[in-house]
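Here's the structure, in structure tokens; my notes come after.
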2 protein chains.
Amino acid sequence: MKILIVHAHPETRSLNGSLKDFMVEHLTRSGHDIRVSDLYAMQWKAPLAADDFSHVESGARFDPVLDSLRGFEDGTQHEDITAEQAKLLWADAVIFQFPLWWYSMPAILKGWVERVYAYGFAYGVGEHSDTHWGDRFGQGTLAGKRAMLVVTAGGWAPHYSPRGINGPMDDLLFPIHHGILYYPGFDVLPPFVVYRTGKVDETAYARITGDLGHRLDALWTTAPIPFRAQNAGDYEIPALTLRPEIAPHRSGFAAHVAD
Amino acid sequence: MKILIVHAHPETRSLNGSLKDFMVEHLTRSGHDIRVSDLYAMQWKAPLAADDFSHVESGARFDPVLDSLRGFEDGTQHEDITAEQAKLLWADAVIFQFPLWWYSMPAILKGWVERVYAYGFAYGVGEHSDTHWGDRFGQGTLAGKRAMLVVTAGGWAPHYSPRGINGPMDDLLFPIHHGILYYPGFDVLPPFVVYRTGKVDETAYARITGDLGHRLDALWTTAPIPFRAQNAGDYEIPALTLRPEIAPHRSGFAAHVAD
């Protein structure tokens, strides 16, 4: 299978860099085709801006949504955006690998999402009507592909537990899992999370890569997080709230995961 | 009072640009001292990287945490970082104003956080012991200052309601409110959120700026979100989980807000 790894860490000799190298080696040995977008090494431009689009004339008013659509449709978007979109279309699975910085992905990766996820490519896709609010949340350009996060965190696992001070890891990752990956159609696998990265010695590293190897071997068989598809009947449209009979006593992020 | 506005939108003639201008004018007319960090206009460098620190020699291994500490303590961090830290120390209140892109802040603002929030400045502050896990979540360098988000979203308000498909806005903003603002000590005010930005005509804009003006007038009197202070007894240390008798039947983000 074809696997894209999007990697975001500034130091190749870091734990994150080592995990990226491990994944490339492990997946290659398993016979897969691997491509890596190493965002720091590529000096990826983070901010979405007018200069991403050759059709936006100097001094013209820039609309991040409409100019993104025109840039995607007319081929006037920056070539680094086009190249990443092509990698996403090529891949059967995408692994996003990064340290959790301030409870979310690093800015360089957030900027990859903002620039690569063009209107017409990752959003603004499909019919908008009273029964179908665009091809998103379970449908979309990337439907049929799998995505998984491989994340490192400095804090301890209990700090990210249901009553831990940082908030539960599943909830911290929900905006990425659901809002960035499920949105354009990915099947989203449970994340692989490494805690307390400052204490990873050789023994711990061997355990971590052993566990990660098992997750990679199961990339095609692991059950995705059962997010509810937007257009399959669970939501009122256009309010996009869960119908009263669906998970009637639940609210918040967890309500969008089927039992 | 002294107010810093950190603004992140690429087009000055956008709704966000207009709201920023409105805030500057309104607060200046009220007699406050205003400074603005207009990140796109400043061409703010988003990615935290080795080249932010003059002491990191070419080819040396870069540690985002330890090099950040050394850069902050020895003055070897990039001068744009030092300038923003000084603005934060100067301000009595900080307003962060941005569009919600992919359910979080724009990359350029995330990169502002990652670079300006040095170890020793915004984290890694204070004693670490069995009863006190650093000065954070209610204590820290920015204690006594107020912070507020002014956010725009393209989607409809019900999409962000307790059972809306995007997840509740309060939960989407929790990693920013609690993890980025409360963490280094800010008192965090309830956010000002504008929904359905594509439909803002003159009438709606007048209503929005009217409401926003009231929020600005009440900047010093509005009650902050009552997050639980880490070191005041509600949490077990070092697990940093809520003690069993605190909000005993609650978990998730909301458990960290006192009743």
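The values are calculated or read from the model by the stated rules, or taken from the named source; none is laboratory data. All values reported here derive from a predicted model rather than from experimental measurement. All Cβ positions, glycine included, derive from the backbone under ideal geometry; neighbour counts span all protein chains shown.
Summary of values
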read-out	value
Qualifying residue in region B:24-45 (condition: surrounded by fewer than 19 Cβ atoms within 10 Å (Cβ to Cβ), among the hydroxyl-bearing types (S, T, Y) and either over 24 Å from A:A46 (Cβ atoms) or facing chain A (nearest Cβ under 10 Å) (or both))	yes
Qualifying residue in region B:194-208 (condition: over 30 Å from A:G138 (Cα atoms), within 12 Å of another protein chain (Cβ to nearest Cβ), of a type in the set (D, E, K, R) and in a helix (DSSP H, G or I))	no
Helices (runs of 4 or more DSSP H) contained in region B:62-127 and holding at least 3 residues in contact with a Leu (Cβ under 6 Å, 6 or more places away or on another chain) and buried (at least 20 other Cβ atoms within 10 Å of the Cβ)	B:107-116
Of residues in region B:206-259 being among the polar types (S, T, N, Q) and surrounded by 12 or more Cβ atoms within 10 Å (Cβ to Cβ), the one nearest to B:S18 (Cα to Cα)	B:T209
Region A:64-86 residues that are under 17 Å from A:V6 (Cα atoms), paired with ones that are modelled with pLDDT of 95 or more and polar (S, T, N, Q) (beta carbon under 7 Å, 6 or more apart)	A:E84/A:S37
Qualifying positions in region B:211-237 - within 17 Å of B:Y183 (Cβ to Cβ) and in a loop (DSSP other than H, G, I, E, B)	B:P224, B:I225, B:P226, B:R228, B:A229, B:I237
Flag for A:F174 being outside any helix (DSSP H, G or I) and either modelled with pLDDT of 95 or more or out of contact with any Cys (no Cβ under 8 Å at 6 or more places or on another chain) (or both)	no
Subset tally (residues that are without any contact (Cβ under 8 Å) to a residue 60 or more places away in the chain and surrounded by 21 or more Cβ atoms within 10 Å (Cβ to Cβ)) for region B:152-178	8
Scan of region A:5-46 for residues that are under 18 Å from A:E114 (Cα atoms) and out of contact with any Pro (no Cβ under 7 Å at 6 or more places or on another chain), ordered by number	A:I5, A:V6, A:H7, A:S37, A:D38, A:L39, A:M42, A:Q43, A:W44, A:K45
Inter-residue pairs, beta-carbon under 6 Å, first farther than 19 Å from B:H128 by Cα and in region B:230-248, second of a type in the set (A, V, I, L, M), 6+ apart	B:A247/B:A255
Answer from A:L69, A:L88, A:L19 - the residue that is under 24 Å from B:T12 (Cβ atoms), within 21 Å of the chain's Cα centre (by Cα) and not β-branched (V, I, T)	A:L69
Number of the condition not met by B:E79 [criteria: (1) farther than 30 Å from B:D21 by Cβ; (2) over 18 Å from the mean Cα position of the chain (by Cα)]	(1)
